[in-house]
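The values are calculated or read from the model by the stated rules, or taken from the named source; none is laboratory data. Because the structure is predicted, anything quoted here is derived from the model rather than measured. Here the Cβ positions follow ideal geometry from the backbone for every residue, glycine too, while neighbour counts run over all protein chains shown.
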Amino acid sequence: MARSDLAFARARRAYERAHVMSGLRGIALAAALTALAIGLHRTSNLTWLVSALLAATLGALSWRGGSWRRGALAGIFAGLPVFVAPVVVFALGHGGHCPDCPMPTMQCLLTCFTTSSLAGIAVGTFAFGDASPPRFAAGALATAVCTGLLGCATTGLGGALGVAIGLVAGSATGWALGRRAAHA
């Protein structure tokens with residue numbers, strides 16, 4: 001093998017190693033969010049399904065790199081308020097801990113929808129600051145939905161629908177606002 005072939009092979013291995021390590025960091029982040037979800041929310045079979053989906057999504061998008069990776073991390077940050085909001089609302093409204101709630105309240109469902117809409121607006125708006133807005137937005141929405149579902153899916157189907165509809169509607173609004181600002 002020529003020296004240039006060896007150098008190319010070494011550079012290629014380093015490149016692949018960096019991508020694999022980034023994917024592993026994404027999976028570790030998903031594990032940390034799952035542990036936090038277990039401590040803050042009621043745990044069900046849906047929690048484990050969403051956790052596995054979040055780990056797979058974060059691992060794949062982090063491994064992929066570029067706008068996908070940046071969007072995935074932004075989606076985690078956008079989904080955190082949705083993840084934490086039901087706990088705060090329940091603690092302030094009922095003086096208890098979210099897992100102690102026997103039945104989700106309308107207040108929790110509205111909180112999931114409202115925070116998801118605001119997170120979606122942020123995702124849609126910030127997507128225009130990236131080199132590839134569609135990839136950034138897709139990665140951010142995928143991880144924001146999973147992160148939000150870790151918190152709001154414990155309130156049942158209404159909370160899960162609130163997250164999905166809120167994020168999609170909010171991101172469409174943010175996308176329209178960002179597009180209008182970009183053309184102004």
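Return the residue satisfying two criteria in turn: it lies in region 32-51 and is part of a helix (DSSP H, G or I), closer than 17 Å to VAL163 by Cβ and of a type in the set (Gly, Ala, Ser), and of such residues it is modelled with the highest pLDDT.
Filtering region 32-51 for residues that are part of a helix (DSSP H, G or I), closer than 17 Å to VAL163 by Cβ and of a type in the set (Gly, Ala, Ser), the one modelled with the highest pLDDT comes out as SER51.
From the list ALA140, ALA182, which one is in a helix (DSSP H, G or I), modelled with pLDDT of 70 or more, closer than 23 Å to TRP68 by Cβ and small (Gly, Ala, Ser)?
ALA140
Condition first: among the aromatic types (Phe, Trp, Tyr) and modelled with pLDDT under 90. Now tell me which residues in region 65-87 satisfy that.
PHE83
Cβ-Cβ distance below 9 Å, separation of 6 or more or different chains: which pairs start in region 74-85 with a residue that is touching a residue at least 40 places away in the same chain (Cβ under 8 Å) and end on one that is aromatic (Phe, Trp, Tyr) and buried (at least 24 other Cβ atoms within 10 Å of the Cβ)?
Listed pairs, sorted by first residue: ALA74/PHE136.
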